[in-house]
Structure formats: C-alpha cells, structure tokens
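S.K.: Here it is, the structure, as structure tokens.
The values are calculated or read from the model by the stated rules, or taken from the named source; none is laboratory data. Because the structure is a prediction, the values reported are computed rather than measured. Positions of Cβ are generated from backbone atoms using ideal geometry, with glycine treated the same way; all protein chains shown enter the neighbour counts. Accessible surface areas use protein heavy atoms only, side chains included; no ligands, DNA or RNA. Shrake-Rupley method; radii C 1.70, N 1.55, O 1.52, S 1.80 Å.
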Amino acid sequence: MAGQGCGARRPAVACLLALLLALAGLAGCTAGRTTDSATGSAAASREIQTLLDGHARALLDRDEPGFRAALDPAYAPTALTEFRRLATVPLDDWTYRVTGIDRTGDGRVTARAELGYRIQGHDRGPVTSGRVLDLADRDGRWYVTGDRPAEGAPRQLWEQGDVRTVRGARSLVLGVGQTPERLREIAAAADRAVPAVSAAWPSEWAREVVVLVPGSLDAMGGLLGAPGASYRGIAAVTTGETEGGVDAPADRVIVNPEAYGILGAFGRQLVLTHETVHVATRSHTSPATPVWLSEGFADWVAYRGTGRTPAQAAPELRRAVRAGEPPARLPEDADFGFGGDAEALARAYEGGWLACALIAERWGETELTAFYRAVGDHPGREGAVEKALQEVLDTTPEEFTAAWRTYLGERLG
C-alpha cells in the first residue's frame, strides 16, 4: 500500500511511505587533492563526514559561528536562512551519513548523504531523507557550497519559508505561510482526534500527532516529493513507515491548505481524525493490508459517534445501489488510484468504510480491530484477508462479500 490521505468532499486518502534511502557503498572519485584510489576516496569521505558531523552539532547547539564555519561564503546566506528557520523546530537530533562521493571538478565534489533528524518528544527514531551536498576544497579544507534534496526526495518544511510552531495538548503543528489562528485550530482538531481514535483503537500507540501545514498545494507536493497537482482536492495525507517498529519516527500528517480550507468544521475534524487513525494503526499496517481495509477502518473511526448515516456519508455508492448497480466485489487496491473516475473512487472509499462498519455491527468492534491486526501481521498479501476472515470472524471471503452486498442494500437501498 502506498499510504493514506483525505479528500475535500469525502475522506479519500492517499498516504505515502516515508522515503528511506538504502545506504550505498562509497563510489566515484575524490577531489583534486586526493588520488583516484580507494584509499583517497575513503580519506575524502572521512574528512567530509567529520565536517558534516561538526556542522550538525552546531545546528543542534544553535551555534551560528560554528555552523557558518563549514559554509562557503557565497552559500552562507542561504544556509543561514534555514539555520534561523530551524530555531522554531524542536529538534532532538540532526545527522548526516555520507553514502557516496563524486568528483565534479578540480577541487570540487558532490556528496550523497542521508539526513536524519528527530523532533523532540515525538520521534523515537530519525526521519530520514536523501540529500546532495556540493563541496569545494579551499586551501586544503572542505566547504559546503550547496545542499539540496536527492532526486525524488522531498523538500523539508523549513526550506519553504519561516516555520511557525503551535503545541497542542496531544499535537505539534508546524506551518509555513499560515496564520497562528489556523494553526491553533488545526492543533485543537488534532487534540480532539487523539482520544477519539484511542477509544476505537485500544492498542498501544504514541497518542500524539505531528502535523505539517505548507503554504500551498505545490508546497505540499514538495514535502511529498511529487507534483502538487497529484493532491488537488485531497485535504491531507499521512506519511510514515510500514513495519517501522517501536523505533520508527512519528508519522507526519501533511495538510493541503487549499482543500482543507474549504471544508466546514465537521469536514476538518473528520479529516484529522481519519489521518490520526493512520498514525495509530501504523505498526499493524503492512504490505499485507489491502487499501479497502486501511482506508475503510480510518473512515469507520472518523465517522464513529458522529451520527452520520451511510446514506448521508456514502452518496456515490448509494446512487449505484439504488440504480440496481451495486458492486460485485470488495474494492481492489487499483480502485483507489487518483486521476481517474472521481465517482468510482468515491465508491471505493465508501465501500471500504461500509465493509468495516459491517464487521463492527455483526461481529463487534473488538473483532474489527482484531481483524485489522491479524491482516497486517500476516507475512504477505496472499492469503492475509482470507486467513483473518476464517480465524477472527469464522467466515469465508465468499460469505463475507455476500454479507457486505446485502448490507449495502439494507443501508443504502
């Protein structure tokens, strides 16, 4: 599964996995002052790693002179702008791991590196992202002349503008180009979402949320390493690591300020509760989990206790049922792709939600959460749902699909 997110007119979701770069062996050539040998390459890598270690320590210590010492004078203004923006981000750790060195000219190299950082009080493990750093040798010493995301890697929020931070009781909201009032409203909604999710998902989880609010749709795409147009109409997405374990970093809920901004109070709360479900269930969400289950469960929790009926919350699927065209099968992963038939996409999300609602009503809420965990804990996609249906619900895929289709007729007909 690629991930989860919420749409403006319905809880359509598109979560993306956090990008983790595999550590490559040192490759390429060294700068002009070293030889084109394995020994020379290793020496340059060690020197650059030492430089970046000190650079990172200076950033964490808010030591501006120490931070500046690693910078080429021409690049210093750009780097110092980000240094100052990071003053509002509660960092607990910041590291670079050099993974490769390439010569780009006489006395110049490009270093491929993995940036890792942790937000204080939220991340148990580092959030990682690929970076490319340009360096120049001046009088026998390396200086950083540029730092940018690796190809396909996301930009960071502080690369987009000044960061404003709002702490909620159970949330941390970081925004660029947003008013304090909007960020406080988002923090309040996230604070309300956490206990609502915990009531439906009693398993252990962090019970707190990190929310990023960029300044525009395009900026949202930058945070996800994809074109912003891919998320038009999507109010929020959640990024995280499947099967990350107890040391995985906290998930990030990324809000699309354009789509989120046109929602009413109910829709905004629904979006943030939905995304918080993905944060809570991350450790039990895996490649074995079908999208209908991950998205359907998030919608089921978000709608739980709101009083909204299936007829109100599943209008596209209701139209199909009343026209005598109910779906013949549960939604498949491909049915959740964006960029196609919007009504078909809505029916897929609504169908997943009502499949989870059926389990909660017929078998019980405890069995629904047990079913979710059992599917996600299966070693692979093949047989995961079938085994969980048999062992947790004592039914078969054929029986469950038939019950679901009957349920749609009863609730939407």
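S.K.: Across region 321-348, which residue is farthest from the chain's Cα centre (by Cα) among those that are open to solvent by less than 40 Å² (accessible area, probe 1.4 Å) and modelled with pLDDT of 95 or more?
M.R.: VAL321
S.K.: OK, next. Can you tell me which of GLY175, GLY267, GLY225 is touching a residue at least 60 places away in the same chain (Cβ under 8 Å) and under 17 Å from the mean Cα position of the chain (by Cα)?
M.R.: It is GLY225.
S.K.: Which pairs have Cβ atoms under 6 Å, sit 6 or more apart or on different chains, and link a residue in region 367-383 that is more than 10 Å from HIS284 (Cα to Cα) to one that is open to solvent by 30 Å² or more (accessible area, probe 1.4 Å) and basic (Lys, Arg)?
M.R.: Pairs that qualify, where the first residue is more than 10 Å from HIS284 (Cα to Cα) and the partner is open to solvent by 30 Å² or more (accessible area, probe 1.4 Å) and basic (Lys, Arg): there are none.
S.K.: Filter region 349-368 down to the residues that are farther than 13 Å from THR406 by Cα, surrounded by fewer than 24 Cβ atoms within 10 Å (Cβ to Cβ) and of a type in the set (D, E, K, R) and list them by number.
M.R.: Selection gives GLU361, GLU365, GLU367.
S.K.: Can you tell me which residues in region 107-152 are crowded, with 21+ Cβ neighbours inside 10 Å and of a type in the set (A, V, I, L, M, F, W, C)?
M.R.: Across region 107-152, the qualifying residues are VAL109, ALA111, ALA113, LEU115, VAL127, LEU133, LEU135, TRP142.
S.K.: While we're looking at this one, here's another question. If you take the residues of region 205-230 that are at pLDDT below 95 and over 28 Å from TRP94 (Cβ atoms), which of them is surrounded by the most Cβ atoms within 10 Å (Cβ to Cβ)?
M.R.: That would be SER230.
S.K.: Separate question: Look through region 176-204, keep the residues that are assigned to a loop (DSSP other than H, G, I, E, B) and open to solvent by 10 Å² or more (accessible area, probe 1.4 Å), and return whichever of them is nearest to GLN120 (Cα to Cα).
M.R.: GLU204
A quick yes/no check of all residues on (1) surrounded by 15 or more Cβ atoms within 10 Å (Cβ to Cβ); (2) modelled with pLDDT under 95:
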{"site": "LEU26", "(1), (2)": "yes, yes"}
{"site": "ASP36", "(1), (2)": "no, yes"}
{"site": "ALA44", "(1), (2)": "yes, yes"}
{"site": "LEU52", "(1), (2)": "yes, no"}
{"site": "ALA58", "(1), (2)": "yes, no"}
{"site": "LEU71", "(1), (2)": "yes, no"}
{"site": "ALA74", "(1), (2)": "no, no"}
{"site": "THR78", "(1), (2)": "no, no"}
{"site": "ARG97", "(1), (2)": "yes, no"}
